[in-house]
Amino acid sequence: MKKVLLVGNGAREHAITEALMRSKHEVELFVVGSAKNPAISKMASGYLIGNVCDKLAIRNFALEIEPDFAIVGPEAPIEAGVVDMLLGIDVHCASPLQTVGRLESSKGFTRNLLAKFGIKGNPDFRVFHNSEGLREFFEHLGEDYVVKADGLKGGKGVMVSGDHLNGIEEGMAYALECLEDCGRVVVEEKLVGQEFSLMSFCDGKHTVEMPAVQDHKRAYDGDKGPNTGGMGTYSDAGHSLPFLKDSDIEEASRITAEVAKALFEETGTYFKGVMYGGFIATSKGVRLIEYNARFGDPEAMNVLPLLKTDFVDLCEAIISGELDKLSVEFEKKSTVCKYVVPEGYPDSPIKGEKIELGDVPEGVRVYFASVDEREDGLYLGGSRAVAFVGIADSLVEAERLASAGVECVSGPVFYRTDIGKLELIEKRIKMMKGLRG
Ligand code: AMP
Ligand code: GLY
């Protein structure tokens, strides 16, 4: 019997729960979540509803349970030091401590780490603590720049020229605003290419990559509209993506392995958990956009259902630093994940309205996110609501299954119809071909 403590209650944590429950070990699951996830709660032996960053409440819950290990799903509790607190009471986590969690919580820390250790993958960048040299650097970059607030903002602190800002003056103004807000800002070269997510398990010394995934951050079809937490994702049976070359995956894996090593040298702390690299394939090779220190949401729903290796064994290998002794395998299947979100998402989402989930066709997986289960049904929580995943031998079939899923939801919601469709994927292949010349 393994007692596992899970912090988090979204669709990503639903996928984590499912992977734990498939283990050959008997798992007793205890959850801390901000709301009652309808699916996770059915599999859990104990469920504490509360703030996922409340260290005191989580400490008391953990002391009562005495789990064999813990997993912290979202970034906020990692940054708040929940993993550090748990280690303090001898509960080891397959999630990183705060100091190495800076890989996600501070974009400046990560850019500086790559630069200091000579790891190739950074764009031209500078981290500013005050306005000295700011204008000169904008002039050096010209019209193509990106300005990033240096803290956890759910991707919302990033402003890209041409998309959100125009010209040096607007860039300067936003950079000064960031300096005032958090004392640090990263200004960098705007990269052009195709983005992809490559997540790797890491025990501090060894890294093992998962299948590559492509997320869709924009709210509406055709990559239009505001940025979101991610409207949907797909992965391909060969574990690469149709617009990537093998060398792109190798390059991204190399960056992650080198960053894991550098992190330890820099901090004296091993990174244990998931290093999720947001990469971009450009005409000059692969570049790093950012790291997250956790599974992606929705990316977890693409890769965890394919995991053939026992997930409990995997978490324990991450904790003990013996990932090299485990063979980590994934099924060779294509996956498509689509999120149903409230009308108005992400800027002014409808909240508290009822939705109906009809009969979901066989073979379609359902993952609950920001929904509240009441006696008379499901209510919108105000963020991404329910994800549907299709898994099949081909992308076409996986997309068909995911689409059949989203169509089962009625109420004030919408979703992107184009995610995983050949038409959109072909556009991406064509764009990359054009860039590579
Ligand atoms: P981040 O929070 O760093 O992932 O940034 C959010 C989004 O901004 C990314 O998914 C990219 O689409 C975009 N972005 C960030 N950095 C760059 C960059 N250097 N060049 C182009 N786009 C970027
Ligand atoms: N898929 C975006 C994220 O998890 O941050």
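The values are calculated or read from the model by the stated rules, or taken from the named source; none is laboratory data. In this text the structure is predicted, and so the values were computed from the model without any measurement. Methodologically, a virtual Cβ is constructed for each residue, glycine included, from the backbone with ideal geometry; neighbour enumeration extends over all protein chains shown. Accessible surface areas use protein heavy atoms only, side chains included; no ligands, DNA or RNA. Shrake-Rupley method; radii C 1.70, N 1.55, O 1.52, S 1.80 Å.
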So which aspartates and glutamates pass the test for Lys354, namely a Cα distance under 19 Å, with those fewer than 8 places away in the same chain ruled out? Glu343, Asp372, Glu373, Glu375, Asp376, Glu407
Cβ-derived FRET efficiency at R0 60 Å, Asp376 paired with Arg254, nearest 0.05: 0.70
Rounded to the nearest 500, the 222 nm mean residue ellipticity computed for the chain from DSSP H runs (n ≥ 4, each -39500 (n - 2.57)) alone is -10000 deg cm²/dmol
Using a 1.4 Å probe on the protein chains only, how many percent of the accessible area of region 1-117 belongs to carbon and sulfur? 50
Considering only Ser283, Leu20, Val360, whose Cα is most displaced toward the positive end of the charge dipole of the chain, charges sitting on Cβ of Lys, Arg (+1) and Asp, Glu (-1)? Ser283
Taking only protein heavy atoms and a 1.4 Å probe, the highest-to-lowest accessible-area order of His140, His206 is His140, His206
When the solvent-accessible surface of protein heavy atoms is calculated with a 1.4 angstrom probe, in what order do Cys408, Cys178 fall, highest first? Cys408, Cys178
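Quick one: putting +1 on the C-beta of Lys and Arg, -1 on the C-beta of Asp and Glu, what dipole do you get for the chain around its Cα centre, in Debye to the nearest 20?
460
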Would you work out what percent of the accessible area of region 172-317, with all protein chains in place, is carbon or sulfur (probe 1.4 Å)? 46
Put +1 on the Cβ of every Lys and Arg and -1 on every Asp and Glu Cβ in the chain; which of Thr99, Gln214, Ala175 then has its Cα farthest towards the positive end of the dipole? Gln214
Filter the trypsin sites (Lys or Arg not before Pro) in region 1-104 down to the DSSP loop ones having no more than 13 other Cβ atoms within 10 Å, then list what survives. Lys24
Note: the chain, point scatterers on Cα, Debye, no solvent; log10 I/I(0) at q = 0.08, 0.14 Å⁻¹ equals -0.43, -1.43
Over 21 Å between C-alpha atoms is what I'm after, so list which of Lys245/Lys272; Lys261/Lys332; Lys217/Lys421 land there. Lys245/Lys272; Lys261/Lys332
Strictly over 32 Å apart at the Cα level, which of Lys120/Lys325; Lys338/Lys433; Lys3/Lys116; Lys55/Lys107; Lys120/Lys430 would you flag in this model? Lys3/Lys116
If contacts are Cα pairs under 8 angstrom and at least 6 residues apart, what is the relative contact order of the chain in percent? 16
A student applying the Cα gyration tensor rule (rounded when a/c is under 1.5; otherwise prolate if a/b is larger than b/c, oblate if not) would label region 256-360 prolate
When only DSSP loop residues count, what GluC sites (Glu not before Pro) in region 11-59 have their Cβ near at most 16 other Cβ atoms within 10 Å? Glu26
List, largest first, the extents of the alpha carbons of region 78-167 along their principal axes, each in whole Å. 51, 29, 24
For the residue pair Leu435 and His25, what label-to-label distance in nm results when each label sits 7 Å from Cα along the Cα-to-beta-carbon direction? 4.1
Give me the percent relative contact order of region 129-186, please, defined on Cα pairs under 8 angstrom at least 6 residues apart. 45
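How much FRET efficiency would the formula 1/(1 + (r/R0)^6) give for Glu426 and Ile49, where r is the Cβ-Cβ distance and R0 is 41 Å, rounded to 0.05? Walk me through the numbers before you get to the answer.
Values: r = 45 Å, r/R0 = 1.10.
Computed FRET efficiency for Glu426 and Ile49: 0.35.
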What does the accessible area per residue of the chain come to in Å², with a 1.4 Å probe and no ligands, DNA or RNA counted? 40
